[in-house]
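The values are calculated or read from the model by the stated rules, or taken from the named source; none is laboratory data. On a predicted model such as this, the values are computed, not experimentally measured, just so you know. For neighbour counting, all protein chains shown are included, and Cβ atoms are generated from backbone atoms with ideal geometry for every residue, glycine included.
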């Protein structure tokens, strides 16, 4: 009987009461450097860990356009060509100000960077740096994002 109740919970009841993960968009900013492809990472404002520029979908913008807007605000990407479709996805847990954890699903959009600005909205709150795809994969925490970076 206990096994039957467990199966009913996981297959019927839990999906009815569990809220789906919220969605964010990220820009995988890249360029061709002297030694090959380079990936632009920024530090998070709270912990200083290396991440992709990311944020919430925006009204009146496609998800790719929203990812590019985040790349401007967080990394100073002034000009880039962004993909229409995501090149990958990953999930992560966002720690909220109150200590709670919110599971999120991330859509990753390729952004071929043409120009960076030294002055951008979050330039005094974050560091930015170009890395090889392998080094970028070593810097980020999310296993699925590591796979996306290593596949480049």
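Answer yes or no: is there a residue in segment 104-124 that is in contact with a strand residue (DSSP E or B) (Cβ under 6 Å, 6 or more places away or on another chain), outside any loop (DSSP other than H, G, I, E, B) and modelled with pLDDT under 95. Within segment 104-124, one or more residues are in contact with a strand residue (DSSP E or B) (Cβ under 6 Å, 6 or more places away or on another chain), outside any loop (DSSP other than H, G, I, E, B) and modelled with pLDDT under 95. Remark: pairs (first residue in segment 35-64, more than 16 Å from residue 94 (Cβ to Cβ); second residue modelled with pLDDT under 95 and part of a strand (DSSP E or B); Cβ separation under 7 Å; 6+ apart in sequence or on different chains) are absent. One residue stands out among those in segment 27-36 that are out of contact with any helix residue (DSSP H, G or I) (no Cβ under 6 Å at 6 or more places or on another chain) and assigned to a strand (DSSP E or B): the one that is modelled with the lowest pLDDT, which is 33.
Here segment 54-70 is the region considered, the condition is being assigned to a loop (DSSP other than H, G, I, E, B) and touching a strand residue (DSSP E or B) at 6+ places or on another chain (Cβ under 8 Å), and the residue that is surrounded by the most Cβ atoms within 10 Å (Cβ to Cβ) is 57. Pairing residues of segment 98-121 that are free of Cβ contacts under 8 Å to residues at least 24 places away in the same chain and at negative phi with residues that are in a strand (DSSP E or B) and surrounded by 10 or more Cβ atoms within 10 Å (Cβ to Cβ), at Cβ distances under 6 Å and at least 6 apart in sequence or on separate chains, gives 101/93; 101/95.
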